[in-house]
1. Starting with the fewest neighbours, write out 26, 59 ranked by other beta-carbon atoms found within 10 Å of each beta-carbon.
2. Compute the FRET efficiency between residue 62 and residue 16 as 1/(1 + (r/R0)^6), taking r as their Cβ-Cβ distance and R0 = 35 Å, and round to the nearest 0.05.
3. If packing is taken as the mean number of other Cβ atoms within 10 Å per residue, what is the order of 39-47, 8-16, 27-35, highest first?
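Only the coordinates and a few stated rules stand behind these numbers; no lab work does. Quick caveat: nothing in here was measured; it's all calculated off a predicted structure. Ideal geometry is used to build each Cβ from the backbone, glycine not excepted, and the neighbour counts take in all protein chains shown.
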C-alpha cells in the first residue's frame, strides 16, 4: 500500500526515532512537494532537515502539489493498523 504523508507524522516520528514505522506499516510513503518544502524549511529542526535531504528508499518525494487523496474511510484502516502495532 502507498500512503501520502503529512509533515507532522514524519517530523514527530523522526524526533522519537520511529520514522521507519510508516514504511513498515504501508510499504511506500509519498511525500508531497509542499510537505518536502515544510520539512526542509529553515525553521525545521536540524534532524528533520537532514533526513528530508536524503530520505530512505521507501520514502518518495512527489513533485505534484496536490497528490491524489483516498476516501476518508481509509483513515479508519490507518488507525486500526496503528492500534495493532501498539498492542504487539
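1. With the sparsest Cβ surroundings first, the list reads 26, 59.
2. Once rounded, the FRET efficiency stands at 0.90.
3. 27-35, 8-16, 39-47
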